[in-house]
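A short worksheet on the structure shown next.
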Amino acid sequence: EAIKVFCPATIANVSCGFDVLGLALENVGDEMIVRKSSNKGISITKILGQDLPLEPSKNVAGVAALALLEKSDYSGGFEIEIHKKIKPGSGIGSSAASSAGVVWAINELLGKPFSELELVEFAMQGEKLASNVAHADNVAPAIYGGFTLVRSYEPLDVVPLPTPSELYATIIHPQIEVKTSDSRKVLKTKITLAQGIQQWGNLGGLIAGLFQSDYPLIGRSLQDHIIEPIRSILIPGYDEIKSESMKAGALGCGISGSGPSIFALSQGFEIAKKVADSMKATYEHFDIDFDVHVSSIG
Ligand code: HSE
């Protein structure tokens with residue numbers, strides 16, 4: 001018995017929601033085949049597209065799958081084959097795609113004994129291996145789909161949010177690697193009350209905008225005065241990409257997760273495509289390879 005799953009790329013933080021907000025992309029992601037096996041435990045048989053460890057305890061998918069097996073009464077095991085299309089260190093949730101995809105697939109093969117929230121908890125163990133911190137803002141949207149809010153980490157509380165039908169994401173991935181662990185180290189651990197007020201105003205505004213399909217409100221709320229000024233220094237051409245995307249009509253633009261990918265959200269596929277063209281034209285002046293994607297959210 002086997003299942004083939006699409007493991008979506010995700011945009012974490014979405015500007016004003018550091019470590020709590022994320023969204024899943026419908027058209028960018030990996031593929032994974034998971035098979036039931038009579039051999040106990042987890043075996044990663046093949047990884048195509050990237051050179052990643054096959055040993056389950058060193059692989060994010062392996063660690064997430066083992067966390068699930070530990071809570072399950074199933075006595076057999078699983079074989080995993082991963083077709084990696086999302087590059088590690090890209091900022092669009094490469095490790096989360098594998099961690100979330102594998103636990104989702106295993107849960108299906110076992111007849112869905114676990115809730116989505118429990119799957120997020122297992123997948124977070126993969127994130128912990130990847131970046132030392134078990135953040136959930138990539139794995140939660142990968143499992144639930146669409147936008148999700150991690151209202152609380154202890155206890156874990158994930159709130160699925162609606163996605164306005166005309167919202168599209170454009171992503172540019174400059175091919176430099178920024179490790180999440182490094183881009184977390186540069187952050188300050190304290191913020192001022194004034195910064196808090198700005199950030200929770202924007203986060204509330206963005207969530208209200210999603211519920212009401214209020215695109216201008218979504219646009220006004222896509223701001224981050226805390227993390228972006230620090231991390232954007234690590235991304236060549238960040239300011240140019242952002243200002244050109246806004247000129248091309250994007251509602252907002254920010255760092256995807258811990259970078260280096262940069263995302264923009266737009267109302268309508270046509271504008272999202274124009275934003276993609278402006279990102280390409282801007283980045284052609286830099287001596288760095290890149291890819292650009294336009295995707296619906298879901
Ligand atoms: N919220 C995490 C961070 C996501 O920004 O560090 C990492 O992809």
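The values are calculated or read from the model by the stated rules, or taken from the named source; none is laboratory data. The shown structure was predicted, so the numbers you read here are calculated from the model rather than taken from an experiment. Ideal geometry is used to build each Cβ from the backbone, glycine not excepted, and the neighbour counts take in all protein chains shown.
Restricting the first member to the range 191-210 and to residues that are of a type in the set (A, V, I, L, M, F, W, C), and the second to residues that are outside any helix (DSSP H, G or I) and surrounded by fewer than 20 Cβ atoms within 10 Å (Cβ to Cβ), the beta-carbon pairs closer than 8 Å and six or more apart or on different chains are I191/I226; I207/L161; A208/D214; L210/L161; L210/P162; L210/T163; L210/P164.
If you go through the range 279-288 one residue at a time, do you hit one that is within 16 Å of the ligand (Cβ to nearest atom) and either surrounded by 21 or more Cβ atoms within 10 Å (Cβ to Cβ) or without any contact (Cβ under 8 Å) to a residue 60 or more places away in the chain (or both)? No, there is no match, as no residue in the range 279-288 is within 16 Å of the ligand (Cβ to nearest atom) and either surrounded by 21 or more Cβ atoms within 10 Å (Cβ to Cβ) or without any contact (Cβ under 8 Å) to a residue 60 or more places away in the chain (or both). Consider the range 239-295 and keep the residues that are more than 14 Å from the chain's Cα centre (by Cα) and of a type in the set (S, T, Y). The one that is nearest to S131 (Cα to Cα) is Y283.
When you go through G268, G237, G249, G257 one by one, which is the residue that is on the phi > 0 side of the Ramachandran plot and either modelled with pLDDT under 95 or within 16 Å of the ligand (Cβ to nearest atom) (or both)? It is G257. When S115 is tested against (1) closer than 19 Å to S258 by Cα; (2) surrounded by fewer than 24 Cβ atoms within 10 Å (Cβ to Cβ); (3) among the hydroxyl-bearing types (S, T, Y), only condition (1) is not met. Taking the criterion of being touching a residue at least 60 places away in the same chain (Cβ under 8 Å), away from the ligand (no atom under 16 Å from the Cβ), more than 30 Å from P53 (Cα to Cα) and not in a helix (DSSP H, G or I), would at least one residue in the range 168-190 satisfy it? Yes. Within the range 265-277, residues that are closer than 22 Å to L210 by Cβ reach partners that are in a strand (DSSP E or B) and of a type in the set (G, A, S) with beta carbons closer than 6 Å, at six or more positions or on different chains, in the pairs L265/A169; L265/G252; A272/S266; V275/A264; V275/S266. Within the range 96-132, the set of residues being away from the ligand (no atom under 12 Å from the Cβ), part of a loop (DSSP other than H, G, I, E, B) and polar (S, T, N, Q) comprises S115 only. Candidates I11, I33, I3: the one that is touching a strand residue (DSSP E or B) at 6+ places or on another chain (Cβ under 9 Å) and closer than 16 Å to G257 by Cβ is I11. Do you know which residues across the range 143-160 are touching a strand residue (DSSP E or B) at 6+ places or on another chain (Cβ under 8 Å) and of a type in the set (V, I, T)? Result: T148, V150, V158, V159.
Scanning the range 202-246 for residues that are closer than 19 Å to R151 by Cα and loosely packed, with under 14 Cβ neighbours inside 10 Å turns up G204, A208, F211.
Quick check on my filter: what residues within the range 139-161 are more than 13 Å from the ligand (Cβ to nearest atom), assigned to a loop (DSSP other than H, G, I, E, B) and surrounded by 13 or more Cβ atoms within 10 Å (Cβ to Cβ)? G145, G146, L156 - these are the residues of the range 139-161 that are more than 13 Å from the ligand (Cβ to nearest atom), assigned to a loop (DSSP other than H, G, I, E, B) and surrounded by 13 or more Cβ atoms within 10 Å (Cβ to Cβ).
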